[in-house]
Amino acid sequence: MTAMAGCLPDTLPFATYDVFSARRFAGNPLAIVEQADRLSTAQMQTIAREFNLSETIFVQQPDDPAHDAKVRIFFPTAEIPFAGHPTIGCAIHLALKSAPERDFETAITLEEVAGLVPVRVSRIGERLQAEFRAPVLPHPPEHGALPDVGILAAAVGLNPEMIGTGAHRPGLWQGGPSYLYVPVRDLEALAAARPSEPAWSRAMEIAAADSIYLYAPLPPGQGADFRARMFSPTAGIPEDPATGSAAAIMAAQLRAAGVVQEGETRLTLHQGVEMGRASVIDLRILTRDGALAEIHVGGSAVPVSRGRVYCPG
């Protein structure tokens with residue numbers, strides 16, 4: 001093989017994982033490209049577009065040798081400062097490279113564009129688990145405004161009376177990325193939702209965002225507190241099976257609805273069910289003196305494939 005212009009060697013190792021799932025071919029697929037220091041931003045974007053998964057993470061040497069890696073994360077269409085399922089999957093991948101065969105627990109620190117992200121990784125039997133602390137606490141957005149209920153309902157193909165449940169009302173929050181949070185009254189409304197133009201583009205324009213995260217409370221006995229769906233066709237993701245960053249930022253949405261109390265709140269979210277890629281996301285929220293203090297997101301991941309990818313010329 002001949003080395004391609006602008007990148008030596010001409011191929012880089014990659015692995016794929018299914019994240020927020022303890023079994024393969026569920027959860028959210030992730031591509032991890034290693035030895036990516038030689039890649040330009042344009043080359044990373046080209047490779048992410050080639051994998052065409054919701055996110056691809058590129059692993060580089062850390063700026064601080066005390067950390068495990070510097071990483072950059074890309075949608076098929078653009079780079080993003082932080083994302084949950086790439087953080088979980090990459091940390092588990094790096095831990096496995098140096099982990100013993102027996103059960104273990106270790107700490108991984110990733111340098112992401114949004115900041116340092118500490119991750120605890122463990123293996124108990126066959127189950128691999130990781131939990132990260134969100135690098136940014138959610139807050140009202142710097143730009144954009146919350147569209148009215150009529151526009152939001154039309155944007156996801158629902159009637160306005162299907163929006164909102166109990167104390168849950170639509171919200172717009174930022175914590176790195178921005179998300180529109182749209183609670184719906186029941187699982188039937190959640191299943192019926194889908195992006196719908198021209199209201200979708202209008203909602204994104206008003207909110208200065210590119211994603212809507214819908215959720216509905218689950219009745220007791222379902223193994224989770226909420227079921228969610230995340231649409232982001234504007235970013236090249238028709239629907240995401242699991243969205244760790246949205247789960248972290250949802251802490252602000254849940255606090256506004258009175259779900260999050262002083263001290264520690266533990267919740268479980270299901271996502272991807274309607275896509276046939278069921279995902280389980282653990283959310284741990286710490287509140288001190290009435291304010292969000294820490295947000296932790298956890299989940300499993302399993303390796304699916306490995307290989308080498310050509311560097312774009």
Under 5 Å from the placed amide H of G157, counting only residues 5+ away or on other chains, we find R194, S196
Compute the length gained on full extension between E79 and T109: take 0.36 nm times their separation in residues and subtract their Cα-Cα distance, giving the result in nm to one decimal. 8.8 nm
For the chain, with every protein chain kept in place, what is the accessible area per residue (1.4 Å probe, Å²)? 42 Å²
Please sort by residue number the trypsin sites (Lys or Arg not before Pro) in segment 60-120 whose DSSP state is loop and whose Cβ has at most 11 other Cβ atoms within 10 Å. R102
Most fluctuating residue of V280, V182, V259 in a GNM of the chain with Cα springs under 10 Å: which is it? V259
What does the charge add up to near R266, with Lys and Arg as +1, Asp and Glu as -1, over the other residues with Cβ less than 11 Å from its Cβ? -2
Contour excess over end-to-end distance, with Cα ends at E161 and A291 and 0.36 nm allotted per residue: 43.7 nm
Estimated FRET transfer efficiency (A192, V309; beta-carbon r; R0 41 Å; 0.05): 0.60
What is the dipole size for segment 69-142, taken about its Cα centre, with +1 at each Lys and Arg Cβ and -1 at each Asp and Glu Cβ, in debye to the nearest 20? 140 debye
With Rg from the Cα atoms and Rh as the Kirkwood inverse mean 1/r over Cα pairs, segment 1-128 has an Rg/Rh of 0.97
Share of carbon and sulfur in the accessible heavy-atom surface of the chain [1.4 Å probe, %]: 51 percent
Mean projection area, nm², convex hull over Cα of the chain: 16.6 nm²
Based only on the alpha carbon positions, what is the Kirkwood hydrodynamic radius of segment 46-121, in angstrom? 12.9 Å
May I ask for the Kirkwood hydrodynamic radius of segment 168-313, worked out over all distinct Cα pairs and given in angstroms to one decimal? 16.3 Å
Rank L30, L96 by accessible area, highest first, at a 1.4 Å probe radius? L96, L30
Could you derive backbone 3J(HN,Hα) for segment 183-190 from the dihedral phi with the Karplus parameters 6.51, -1.76 and 1.60 (θ = phi - 60°), listing whole Hz in sequence and x where the residue is Gly or Pro? x, 10, 6, 6, 5, 5, 5, 4
Estimated dipole of the chain in Debye, rounded to 20 [Cβ of Lys and Arg +1, of Asp and Glu -1, Cα centre]: 480 debye
Among H296, H67, H93, whose mean-square fluctuation peaks in a Gaussian network model of the chain (Cα, cutoff 10 Å)? H67
Work out the FRET efficiency for A66 and I124 from their Cβ-Cβ distance, taking R0 = 30 Å, and round it to the nearest 0.05. 0.65
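Can you tell me the length gained on complete extension of the stretch L96 to R38, counting 0.36 nm per residue apart and subtracting the Cα distance?
Separation in residues times 0.36 nm, less the Cα-Cα distance, equals 18.5 nm.
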With DNA, RNA and ligands ignored, accessible area of I249 (1.4 Å probe; Å², nearest 10): 0 Å²
Compute the helix-to-body angle for 41-51: its Cα long axis versus the longest principal axis of the chain, expressed 0 to 90° and rounded to tens. 70 degrees
Whats the longest run of the chain with zero GluC sites (Glu not before Pro) that are DSSP loop and have at most 13 other Cβ atoms within 10 Å? 143-261
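The values are calculated or read from the model by the stated rules, or taken from the named source; none is laboratory data. Computed from a prediction, not measured in an experiment: that's the story for all the values here. Note that each Cβ is placed from the backbone with ideal geometry, even for glycine, and that neighbours are counted across all protein chains shown. What goes into the accessible areas is simple: the full protein's heavy atoms, side chains included, and nothing from ligands, DNA or RNA. Shrake-Rupley method; radii C 1.70, N 1.55, O 1.52, S 1.80 Å.
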